[in-house]
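S.K.: Pasting a structure here, questions to come.
The values are calculated or read from the model by the stated rules, or taken from the named source; none is laboratory data. Just so it is clear, the structure is predicted and the values come from calculations on it, not from any experiment. Cβ: placed from backbone, ideal geometry, glycine included. Neighbour counts: every protein chain shown. Areas reflect the complete protein model, heavy atoms only, side chains present, ligands, DNA and RNA absent. Shrake-Rupley method; radii C 1.70, N 1.55, O 1.52, S 1.80 Å.
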Amino acid sequence: MTDIHIKDAQVVTASGIQHGEIAISDGTIDAAGPASSVPTPSDPDTVIDADGMVALPGAIDVHTHMHDDELFPDGIDFASQTASAVAGGVTTVIELPTQTPVTTPEAMQEKAAACSALAHVDFGLVAGNVQDPDIDVAGIVDAGTADFKTFTADPYLASDASIARLMRRVGDAGGTVRVHCETQGLLDDARSAIDGDEPEVYMDSRPLEAELDAISRAGYFAEYADCPLHVVHISSGSGAREGDRFKSRANVPVTLETCPQYLAFSKGDVAEHGPFLKVNPSLKSDAERERLWDAVQDGTIDLIGTDHFPTYRETRDVGWDDIWEPYAGLPGVETMVEFLVSEGVHEDRISWPRLRELVCAAPAQNAGIYPKKGSLQVGTDADVMLVRTEEYEVTADGLTFVGGWTPYEGQQWSARVDTVVAGGEVVAKDHEVQSTAGRGQFLDRPL
Ligand SMILES: [Zn+2]
């Protein structure tokens, strides 16, 4: 384990930004703050001159799909995807099920073991996708997660009664239910009115009202069941407002997540990007996108995750001819921080402390791993990223992601993740990953 001394950094705190230093030994933070308060390590193995770069805790992405042997092709696995994470400053991921269910303690243990062998970053798991609520909730909690994912829409649609019962059982156990909120009946009806197969029609198949209705009902279900609720990937400002009603009136915690793609794009962008913006929920109007930025600014949205979903470019290209063919979902773990700094902080939409809240502190709290993760408190895990200001054009070639594409291709950004430290070791520099698969640890997340 090395000792690292980071000098001449702009350290982001909960309330501001201060010039200072960070001292790290044995994988933990020894000190972080003004130089006068940080004792100089006697003989550090590594001195990093940050040269005025901004220092933040490593980011936590609470919504990723990275490991599914039944679904993902060769080369897309937990090793390549967590490498992509660490290249972009994300030093912890929470992995959600995709196609392969994780609804038993044994499946949890197996997935934790399989991912541990491949992980570049520390990770936690979510159980799901729950359709039958009569699962071994206590056993799954013992196996390392109190987070359960369920859907109000295909292909993992759970009935209203199943969601209510799951929430009662998880609420009793002290856990949280994460809900994909789009009402299937409205999706069915919207789809029935469409006969084309060009990319633009996909947006019409997933109307805003499907999201609003499902968020509202998830709120009432959580209230009824006394179960903490986390609403994943909210795609509209109106959706955020809908969820916000339950933060004040519900007897249980309600947390709201959005993703960079809903802040970066609106449905008008699909004409240019086609299947490379196919995502669920679908993109909404420009006005909803602006309202969503407002909700990110004012704290209505609690945190940002990515819903990272990896595919190769070729499997997406077929969607130009038939948008119904490719799987929905976008890669985003590696670009989250750079997008939010470039388009958020540098465009004066959010402050550095607000960014720290959105991608470090709040996600760590949501995942039950704060302040071990998401802070620079003394004695916590030494996960740190340095971000530099630099104008550049985003290209898939400039990323570690193996899929060969990014929805942000060609955009002009102004922030680059420079150096990433995880567990007290330099693990990435300029998107070049220096860690090895298997260094990441499974985060058993007790209640
Ligand atoms: Zn997802």
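S.K.: Inside the range 407-430, can you point out the residues that are under 26 Å from residue 75 (Cβ atoms) and in contact with a Leu (Cβ under 6 Å, 6 or more places away or on another chain)?
M.R.: 407, the sole residue that qualifies.
S.K.: Another question, if that's okay. Do we find a residue being in a strand (DSSP E or B), open to solvent by 20 Å² or more (accessible area, probe 1.4 Å) and in contact with a Cys (Cβ under 8 Å, 6 or more places away or on another chain) anywhere in the range 433-443? Write out each step before concluding.
M.R.: Our first condition is that a residue be in a strand (DSSP E or B); within the range 433-443, this holds for 433, 442.
So of that shortlist, the ones also open to solvent by 20 Å² or more (accessible area, probe 1.4 Å) come out as 433, 442.
From what's left, in contact with a Cys (Cβ under 8 Å, 6 or more places away or on another chain): 442.
Yes, that holds for at least one residue.
S.K.: For residue 100, are the conditions met, namely being within 16 Å of the ligand (Cβ to nearest atom), in contact (Cβ under 8 Å) with a residue 60 or more places away in the chain and among the hydroxyl-bearing types (Ser, Thr, Tyr)? Give the derivation first.
M.R.: On the way: within 16 Å of the ligand (Cβ to nearest atom): yes; in contact (Cβ under 8 Å) with a residue 60 or more places away in the chain: no; among the hydroxyl-bearing types (Ser, Thr, Tyr): yes.
For residue 100, the condition - within 16 Å of the ligand (Cβ to nearest atom), in contact (Cβ under 8 Å) with a residue 60 or more places away in the chain and among the hydroxyl-bearing types (Ser, Thr, Tyr) - is not met.
S.K.: Identify the residue in the range 32-74 that is open to solvent by 10 Å² or more (accessible area, probe 1.4 Å) and at positive phi and, among all such residues, is farthest from the chain's Cα centre (by Cα).
M.R.: 51
S.K.: Among the candidates 232, 170, single out the residue that is touching a strand residue (DSSP E or B) at 6+ places or on another chain (Cβ under 6 Å) and under 26 Å from residue 294 (Cα atoms).
M.R.: On the way: 170 fails: under 26 Å from residue 294 (Cα atoms).
232 is the lone residue from the list that is touching a strand residue (DSSP E or B) at 6+ places or on another chain (Cβ under 6 Å) and under 26 Å from residue 294 (Cα atoms).
S.K.: Looking at the range 130-146, which of its residues are within 16 Å of the ligand (Cβ to nearest atom) and open to solvent by less than 10 Å² (accessible area, probe 1.4 Å)? It would help to see each step written out before you state the result.
M.R.: If we filter the range 130-146 for residues that are within 16 Å of the ligand (Cβ to nearest atom), which is where we start, we get 130-131, 145.
Residues satisfying the conditions are 130, 145.
S.K.: Now, a different point. Condition first: open to solvent by 10 Å² or more (accessible area, probe 1.4 Å) and in a loop (DSSP other than H, G, I, E, B). Now tell me which residues in the range 384-405 satisfy that.
M.R.: Within the range 384-405, 395, 399, 400, 401, 402, 404 meet the criteria.
S.K.: Another question, if that's okay. If you go through the range 286-302 one residue at a time, do you hit one that is within 16 Å of the ligand (Cβ to nearest atom), open to solvent by less than 10 Å² (accessible area, probe 1.4 Å) and outside any helix (DSSP H, G or I)?
M.R.: Of all residues in the range 286-302, those within 16 Å of the ligand (Cβ to nearest atom) come to none.
No, the range 286-302 has no match at all.
S.K.: Something else: Going through 341, 337, 333 one at a time, which residue ends up being open to solvent by less than 10 Å² (accessible area, probe 1.4 Å), farther than 18 Å from residue 99 by Cβ, within 16 Å of the ligand (Cβ to nearest atom) and of a type in the set (A, V, I, L, M, F, W, C)?
M.R.: Details: 341 fails: within 16 Å of the ligand (Cβ to nearest atom); 337 fails: within 16 Å of the ligand (Cβ to nearest atom).
Criteria check complete, one pass: 333.
S.K.: Now a separate question. Identify all residues within the range 126-142 that are in a loop (DSSP other than H, G, I, E, B) and in contact with an Asp or Glu (Cβ under 8 Å, 6 or more places away or on another chain); write none if there are none.
M.R.: 126
S.K.: Further, regarding this structure: Looking only at residues in the range 237-258 that are outside any helix (DSSP H, G or I) and open to solvent by 30 Å² or more (accessible area, probe 1.4 Å), which one is nearest to residue 211 (Cα to Cα)? Spell out how you get there, then give the answer.
M.R.: Restricting attention to the range 237-258, the residues satisfying the condition of being outside any helix (DSSP H, G or I) are 250-258.
Right, trim to open to solvent by 30 Å² or more (accessible area, probe 1.4 Å) and you get 251, 253, 255.
On the way: 251: 22, 253: 20, 255: 16 Å.
Per the stated criteria, the residue is 255.
Each row is one residue, and each column tells you yes or no for (1) without any contact (Cβ under 8 Å) to a residue 40 or more places away in the chain; (2) within 16 Å of the ligand (Cβ to nearest atom); (3) small (Gly, Ala, Ser).
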site	(1), (2), (3)
31	no, no, yes
49	no, no, no
59	no, no, yes
65	no, yes, no
75	no, no, yes
81	no, yes, no
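S.K.: Going by what's in this entry, would residue 36 be described as of a type in the set (S, T, N, Q), free of Cβ contacts under 8 Å to residues at least 40 places away in the same chain and in a helix (DSSP H, G or I)?
M.R.: Details: of a type in the set (S, T, N, Q): yes; free of Cβ contacts under 8 Å to residues at least 40 places away in the same chain: yes; in a helix (DSSP H, G or I): yes.
Judged against the criteria, residue 36 is a match.
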